[in-house]
Every structure is written in structure tokens, then in C-alpha cells.
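S.K.: Sharing a structure, written as C-alpha cells. Questions coming.
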Amino acid sequence: MKRTKIKELLTSTKTGSEILVKGWVRTKRGNRNIAFIALNDGSTINNIQVVVDAVKFDENLLKDITTGSCIAVKGKLVESQGQGQHVEVDASEIELYGKSDAESYPLQKKGHSMEFLRENAHLRFRTNTFGAVFRIRHAMAYAIHKYFNDKGFYYLHTPIITGSDCEGAGEMFHVTTLDLKNIPRNDDGNIDFKTDFYGKETHLTVSGQLEGELGALALGEIYTFGPTFRAENSNTPRHLSEFWMIEPEMAFYNLDDNMDLAEEFVKYLIKYALENCREDLEFLNNMIEKGLLERLNFVLNNEFIRMTYTEAVSILTGSSRKWEYPVGWGRDLQAEHERYLVEEHFKRPVILTDYPKEIKAFYMKQNDDGKTVRAMDVLFPGIGEIIGGSQREENYDKLLSRIREMKMPEKDLWWYLDTRKFGTAPHSGFGLGFERLILFVTGMSNIRDVIPFPRTPKNAEF
RNA sequence: UCCUCAGUAGCUCAGUUGGUCAGAGCGGCGGACUGUUAAUCCGUAGGUCGUAAGUUCGAGCCUUACCUGGGGAGCCA
């Protein structure tokens, strides 16, 4: 007999039919005569209730069916006599695939703290919350590909191992096969990378953007979606040292087109979640964040505020609020400032544009005022910057002078500069932190709980 | 990296001015109950009090260092 997934069984109208269901036991209740097993197979957040008439089964078998064990059940799908579920399985045959020692199995029927579950990341998939989170994470990954594919974007794989340190987006992890106990050195005492695997110093990528631009300036519209690494010693609920980033890059897009895309993209993803992850979102709405659904709908149905950095600064300086960090033109906005704008002043997502060039990256398009660049940050409530992007500088001379001003390694950027030398074009792009999106969509509060196996300073377990 | 709070049973926590302070609930185990829904009821076993020094007649409690975790900040996505 073929297995039927629980998601299908729960919506089935074929009561009376013989079925085979397989899954992990969430709870078992009952007495000497009858037992009720809540079974889950990951296909849905809901369990199916298996009803066991104890006299039909070996006592030792029933004893081994404990929380966490894995079983296959043959039986009849019937209307439930009890309340709380429409259908249940009247078991006729049970095969025990895997026992789960009740004394040492870490997960209980009752709720656990997120911290405890994090230490049991290998088993936390078996909880309602993490089942919901990772089903939604999958749905969002799929929706991202679907969105871009439907719009004619190409999925471009940029390298994980990179020989350039051009982004300046933070500390990088080294990649090497050198013998760490016997590191070869030059006469001047520096490490001799000539004998290393690639014959040069290499790192894990902090961004695929620069390579993405190369693709966009030929394929038109591309996006990357892959792991990214930052060796920053950041210990916050919003940072990981290994995280996934989506970076679209589009030829012939100016900053307005870029903002339009970013807003449409995020709303598409939220809409997709609401339409395809309803049960998981409702669970999270009840158990994790009251008001989650309301918040998602609100963002979906309201336009993002768009304004320049300069306008934002004047709002902040005009408010009566006392700031821990001073506000002033030329200073980067702090978390408290962004939070004020998003959560108190406008009470909706905000896109800030045209930041001072001194606080932004070298590749951003310079405005005619000579002071600002065509940057954009999309700020979300509770999360802060969820998207950062810009129109890129397509003018060779301006780009080169900026590289020199900022003392970037000009030699290493020859291939990037070549695109401005040969058939340059106006183009734009942005980066979206995938886990920050998942935080927003699930209502979870710690980024370590929206990636299966979080990598953070001092933690690389599993 | 900085600030701050915390670390006591498998889990979540209580533990007063240093002197019955080794405790509760849940979970586990044993038992009761013919349909349960985080089942209920009765009984029972679990702990070098994060680690290491120190103060003291005496430390879960005070001091110092370190480790781990939470929250906030910085860096950023």
C-alpha cells in the first residue's frame, strides 16, 4: 500500500478507506484499553490522530510507541468520535520503525525555550514552531525563484570562494590549504600565498554583487541567491556569520526602477506566504507573535514611504526626541533613528535614498550635487535594514576616481572596471538578507531560529 | 567588541540579611481510569547549585577570573 501524507489525509473526504500513514509520534495518551497517538510527518503543522484499540496489539509494541518514535500505521480513515479533529485513523497494523527512549529524548510534550531548542537544533525540526518556520523558509525560497523567473531574470551562480576583497562589507573568512602549523612566509615576514591552493589569498564571499553586475551587463536581469559569509564578531538576534542573500542586478534600471522592484518583490513574497502558508502562519500568529497576520497584511496593502536621507535627517532633527547618538547630515543613521522613522513617525516600511557618499560603498552612482550617491535602504519595523541597494556608477572615470579616493585595491578590480570600459550601461541592484525576510514573515525574534543550523561567533555545532 | 542580565533535577523556575537551602511544577518511571486533546488522579526516582580560585567557623547566596546563554549597542543583510 502506498503511503498517504498527513496533509492529504486531513483534507480527505474518503472516510472508510484503508490507508497507510507514516510519521513521528508527538504524543500518546490513553489507558489500558485505548490509546491516542498524535502523529506528524512534516507535511503539515497538524497531526493526525491514530486510535489504537489496545487489545488488538502487542503490549510491548504499544509501550515502545513513545514521544519521538517513528511508526507506520495501516488502518481505516474514519470520522473522529472525539472533538478537535474531523478525521482519525483506526489502526489495524503498526510497524515501529524507530524507538525513542523516553528518558533521554529531549523534547517533551510541553513547550521549550528557544534557547534550549537551539542547543537541540538536530531535533527542533520536530516541533510545531520549527516545522512551521522551515516550511515557510522553503516556500519563500521557492517564491523568490518563481518571482524572478516569471519576470525574465536569470539565476546566476556567483562564486563562494573569492580572490577579491572589494566589497569592504566586513571581515572575511580565509580559505586556505596552507599548513597552519607551518605557514610559509616571504622575506618580509608576510604569508606567502604563492604555494596556497589558488596561488593567492582567498576568502569566502561577502557578496556576489560585483560578479552579479558582470552578468547583468550582458544577460540583462540576473539574481543571485546563495550563502554569504561575514567574520564579524556580531552577537545580535539579527546577524549570522553564514547567511543567505538574494541579490538582483538589472541593466537599464535607475534608482526609481530599483525601488519599484524591491517593493513589488517583497510584497510578492508576503502575498505568497499568506496564500500558501496559511496554517503555519496562523500557528505562528497564535503562538509566536500576536498580530503577525495583521502586520503582513498591512505591509502588503500600504505603499512604502520613499524619501531622501536629507529629508529623513530633517525629520529627526525636528523631532523632540532625545537621541543617544546625535543626528546630523553626514552621519550615518543609527538603529534608534531608523526605528523612530519606521515604527513611530511613519508606522510603515520606509525607503531612504541619496545618502552622503562618505558613508556608502565605492560603486554607488554619484549624484550631480557631488555630495550624495544613488543609494537606497529599505527599512522594516522590528528588523531595520532588510534591503540595501543602489544605482551603480556606470561612468568609468567617476568610478575609478572613487576607487582611488577610497584607496580600494584598484588592480584587483580590473575586471569590474572593464565593464565600464566596454559598453557600459546604467544599472542597479540590491541585496536582501534572506533570514531577515524570514524573521519578518514568521514573526520569530532571533535570526538563529530561522536558519536550520545557525553559524555565529563561538558556535558551529551540527 | 562594549554595556547589561542570567547559569540550581531532563525542561521551566523558586531558594529571604551567609546558618534544615537541596525545593516546586512539568517530563520520566510504576499504578488507576473504556474516547483522550499540553488528558486526569495516586505514588516514585532524579542535582558536585556553570568552572576555578578566594573570604568565612560555615557559601546556592559574598569577592575575583573565566566559560556559556539572553537582551541592548556597534558593524551590517
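S.K.: Would you calculate a helix-derived [θ] at 222 nm for chain A, using -39,500 (n - 2.57) for each DSSP H run of n ≥ 4 and dividing by the full residue count, to the nearest 500?
M.R.: Details: 13 runs with 135 residues, N = 462.
Result for chain A, helices only: -8500 deg cm²/dmol.
S.K.: Give me the distance between the Cα centres of the range A:360-379 and the range A:211-225, rounded to whole Å.
M.R.: Here the answer is 20 Å between Cα centres.
S.K.: If you don't mind, another one. Between helix A:278-287 and chain A, what is the angle of the helix's C-alpha long axis to the longest principal axis, kept within 0 to 90° and rounded to the nearest 10?
M.R.: For helix A:278-287, the angle is close to 90 degrees.
S.K.: Let me ask something else. How big is D, in µm² s⁻¹, for the range A:58-183 by Stokes-Einstein at 37 °C and 0.692 mPa s if Rh is the Kirkwood radius over C-alpha pairs?
M.R.: This corresponds to a translational diffusion coefficient of 159 µm²/s.
S.K.: With angles folded into 0 to 90 degrees, how steeply does helix A:255-276 sit against the dominant principal axis of chain A? Use alpha carbons for both and round to 10.
M.R.: That works out to roughly 0 degrees.
S.K.: Can you tell me the convex hull volume per residue for chain A, based on C-alpha atoms, in Å³ to the nearest whole number? Let's see the in-between values first.
M.R.: On the way: hull volume 91.7 nm³, N = 462.
Spread over its residues, the Cα hull of chain A gives 198 Å³ apiece.
S.K.: When all alpha-carbon pairs of the range A:6-105 are counted, what percent fall beyond 21 Å? Intermediate values should be presented prior to the final figure.
M.R.: Details: 1239 of 4950 pairs.
I get 25 percent for the Cα pairs in the range A:6-105 exceeding 21 Å.
S.K.: Multiply the residue gap between residue A:55 and residue A:405 by 0.36 nm, knock off their C-alpha separation, and tell me the result in nm, one decimal place.
M.R.: Details: separation 350, 0.36 × 350 = 126.00 nm, distance 8.28 nm.
In short, 117.7 nm is gained.
S.K.: A further question on this structure: What is the spin-label model distance, in nm, from residue A:322 to residue A:358 if the labels are put 7 Å beyond Cα along the C-beta direction?
M.R.: So the two model labels end up 2.8 nm from each other.
S.K.: Straight-line reach from residue A:63: which lysines have a Cα under 20 Å away, not including same-chain ones fewer than 8 places off?
M.R.: Filter leaves A:22, A:28, A:74, A:99, A:109.
S.K.: In terms of the Cα gyration tensor, with a ≥ b ≥ c the square roots of its eigenvalues, is the range A:232-371 rounded because a/c is under 1.5, prolate because a/b exceeds b/c, or oblate? Numbers along the way, then the final one.
M.R.: Values: a/c = 1.72, a/b = 1.39, b/c = 1.24.
It is prolate, given that a/c is not under 1.5 and a/b is the larger ratio.
S.K.: For chain A, find the longest principal axis of its Cα atoms and tell me its angle to the long axis of helix A:292-301, 0 to 90°, nearest 10.
M.R.: 40
S.K.: Using Cα-Cα distances under 8 Å and only pairs 6 or more residues apart, what relative contact order does the range A:320-444 have, in percent?
M.R.: Working: 169 pairs, mean separation 25.2, N = 125.
Computed value for the range A:320-444: 20 percent relative contact order.
S.K.: Separate question: Based only on Cα atoms, what Rg/Rh ratio does the range A:339-432 have, Rh being taken as Kirkwood's radius? Write down the numbers at each step before the final one.
M.R.: Numbers: Rg = 15.2 Å, Rh = 14.4 Å.
Radius of gyration over Kirkwood radius for the range A:339-432 works out to 1.06.
S.K.: Please go through the residue pairs A:5/A:151; A:194/A:365; A:146/A:267; A:7/A:151; A:151/A:267; A:194/A:458 and name each one whose alpha carbons sit more than 24 Å apart in this structure.
M.R.: On the way: A:5/A:151 33 Å; A:194/A:365 36 Å; A:146/A:267 14 Å; A:7/A:151 31 Å; A:151/A:267 15 Å; A:194/A:458 31 Å.
Exceeds cut-off: A:5/A:151; A:194/A:365; A:7/A:151; A:194/A:458.
S.K.: Would you mind checking the radius of gyration and Dmax of the range A:173-318 based on alpha-carbon positions, in Å?
M.R.: Rg then Dmax for the range A:173-318, in Å: 22.2, 64.
S.K.: If you consider only alpha-carbon coordinates, what radius of gyration and Dmax does the range A:213-277 have, in Å?
M.R.: Computed over the Cα atoms of the range A:213-277, radius of gyration and Dmax are 15.0, 39 Å.
S.K.: Just subtract the alpha-carbon distance of residue A:79 and residue A:271 from 0.36 nm times their residue separation and send over the number in nm, one decimal. Can you show the working numbers first?
M.R.: On the way: separation 192, 0.36 × 192 = 69.12 nm, distance 3.38 nm.
Length gained between residue A:79 and residue A:271: 65.7 nm.
S.K.: So for the pair residue A:20, residue A:287, with labels modelled 7 Å out along Cα→Cβ, what separation do we get in nm?
M.R.: Between residue A:20 and residue A:287, the simple spin-label model gives 3.0 nm.
S.K.: Along the Cα→Cβ direction, 7 angstrom out, place labels at residue A:396 and residue A:182. What is the inter-label distance in nm?
M.R.: 4.8
S.K.: Would you mind calculating the gained length between residue A:191 and residue A:336 on full extension (0.36 nm times residue separation, minus the Cα-Cα distance), in nm to one decimal?
M.R.: Result for the pair: 48.0 nm of gain on full extension.
Every read-out reported here was derived from the displayed coordinates using simple, explicitly stated rules and does not represent laboratory data. Bear in mind that the values here come from a model prediction, so they are computed numbers and not experimental data. Cβ: placed from backbone, ideal geometry, glycine included. Neighbour counts: every protein chain shown.
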